[in-house]
Amino acid sequence: MNLLYISAENSAPWRAAVAKHIPNATLWVWGEDDVDLSQVDYALVWKPAAGLLARLPNLKAIFNLGAGVDALLQDPTLPKAVPIVRLVDPRLAQGMTEYVVHWVLHAHRDMPTYARQQQKREWIQHNNADTAKRRVGILGLGELGQAAAHALLMLGFESIAGWSRSPKHLPGVESFAGADKFDVFLARTEILVCLLPNTAATQGILNEAALAKLPQGAFVINAGRGSAIDDTALIAALNGNHLSGAALDVFNTEPLPQDHP
């Protein structure tokens, strides 16, 4: 059995894991080893270059090293008859949930205001919203969105809503679905958590018009894909004080250019 690893990430852990658990297999690393493309049985990939997988004539399966398969599906030459297996790592969901919870609490407790006051040596108390009444909206109710919603419910956030393309029914979560409910979902959301994948339908979904639908002072968290947000519109909404802040884990261009605002 011959495996081909295609990723910019360090290949050493995969070499060690294959040697330990599949000792009779051969693991080639794209860009490091001489690869006989005709002999590759399985590909272990993360964002492979378009056209590369089509050069593997005897490929039996593609193992995507992450939950998001958008990079694969955007390749017009992707072999249609080859099955794709997603890597669903519980640690990924846990890490993403921790990130979301951190920034939701950061926004909910208005930590930027207290940080500014600390720098100015000011002691001013503020009235924070009741956790049960804080309106959190989760954009994307897949595995990660559902995990984040569950964690927030456990912390006492009782006014949680979620939006997805098709209806989802989650205990304790008000569900919105479809384009006709998108604006309604945004209008009720004070803290927006975006966990959408990168697809043709989600690219630029948070544009100027969408961001304007959020209430004054809303906070935006994007931990899905950078393509979901129109950067120019987001910066304008922040500079115009329509949004109180944003926490971005992903960007359209990564890493960000030095001159990016």
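Each reported figure results from applying straightforward, stated rules to the coordinates on display, with no laboratory input. Values in this document were obtained by computation on a predicted structure and should not be read as measured data. So basically every Cβ, Gly included, is an ideal-geometry build from the backbone, and we count neighbours across all protein chains shown.
What's the magnitude of the charge dipole for the chain around its Cα centre, counting Lys and Arg as +1 and Asp and Glu as -1 at the beta-carbon? Answer in Debye, nearest 20.
I would put it at about 560 debye.
Which of TYR114, TYR99, TYR5, TYR42 comes first, and how do the rest follow, when ranked by fewest Cβ neighbours within 10 Å? It would help to have the intermediate numbers written out before the result.
Values: TYR114 14, TYR99 17, TYR5 24, TYR42 20.
In increasing order of surrounding Cβ atoms, one gets TYR114, TYR99, TYR42, TYR5.
If r is the Cβ-Cβ distance from ASP130 to GLN94 and R0 is 25 Å, what FRET efficiency results, to the nearest 0.05?
0.35
Does anyone have the angle between helix 111-120 and the longest principal axis of the chain? Alpha-carbon axes, 0 to 90°, nearest 10?
Rounded to the nearest ten degrees, it is 70.
What angle do you read, to the nearest 10 degrees and between 0 and 90, between the alpha-carbon axis of helix 12-21 and the longest principal axis of the chain?
The two axes meet at around 60 degrees.
Considering amide H positions built from the backbone, and no H for Pro or chain starts, which residues 5 or more places from SER159, or on another chain, come under 5 Å of its amide H?
Those lying under 5 Å, H to H, from SER159 are ARG134, VAL136.
Answer with one residue from ALA115, GLN146, ASN128: the one whose Cα lies farthest towards the positive end of the charge dipole of the range 27-170, charges on Cβ with Lys, Arg +1 and Asp, Glu -1.
It is ASN128.
Work from the charge dipole of the chain (Cβ charges, +1 for Lys and Arg, -1 for Asp and Glu, about the Cα centre) and give the residue of ILE6, LEU170, ALA54 farthest towards its positive end.
Of the listed residues, the answer is LEU170.
With the Cα gyration tensor of the chain in hand, convert its eigenvalues to equivalent ellipsoid semi-axes via √(5λ) and list them largest first in whole Å.
Square roots of five times the eigenvalues give 40, 20, 19 Å.
Cα-Cα pairs above 15 Å in the range 2-86: how many percent?
Value for the range 2-86: 55 percent of Cα pairs lie more than 15 Å apart.
Enumerate by residue number the trypsin sites (Lys or Arg not before Pro) in the range 1-108 meeting two conditions: DSSP loop (anything except H, G, I, E, B), and at most 11 other Cβ atoms within 10 Å of the site's Cβ.
LYS80
Using just the helices of the chain, give the 222 nm mean residue ellipticity in deg cm²/dmol: DSSP H runs with n ≥ 4 each add -39,500 (n - 2.57), and the total is spread over all residues, rounded to 500.
The helix contribution divided over the chain gives -8500 deg cm²/dmol.
Can you list the aspartates and glutamates whose alpha carbon sits under 13 Å from that of LYS60, skipping same-chain ones fewer than 8 residues off?
The reachable aspartates and glutamates, counting only those whose Cα sits under 13 Å from LYS60, are ASP41.
Starting from the Cα of GLU174, step 7 Å along the direction of its Cβ; do the same at LEU37; then give the gap between the two resulting points in nm.
For the pair GLU174/LEU37, the computed spacing is 5.4 nm.
Counting other beta carbons within 10 Å of each residue's own, what order do HIS150, HIS169 fall into, fewest first?
Details: HIS150 15, HIS169 8.
Starting with the residue having the fewest Cβ neighbours, the order is HIS169, HIS150.
Note down the magnitude of the dipole of the range 2-86 about its Cα centre, charges +1 on Lys and Arg C-beta and -1 on Asp and Glu C-beta and zero elsewhere, to the nearest 20 debye.
260 debye
Using the number of other C-beta atoms within 10 angstrom as an exposure proxy, rank LEU192, LEU211 with the fewest first.
Placing the least packed residue first, the sequence is LEU211, LEU192.
So which lysines can LYS168 reach, going by Cα to Cα under 23 Å and dropping same-chain residues fewer than 8 places off?
Partners within reach: LYS133, LYS181, LYS213.
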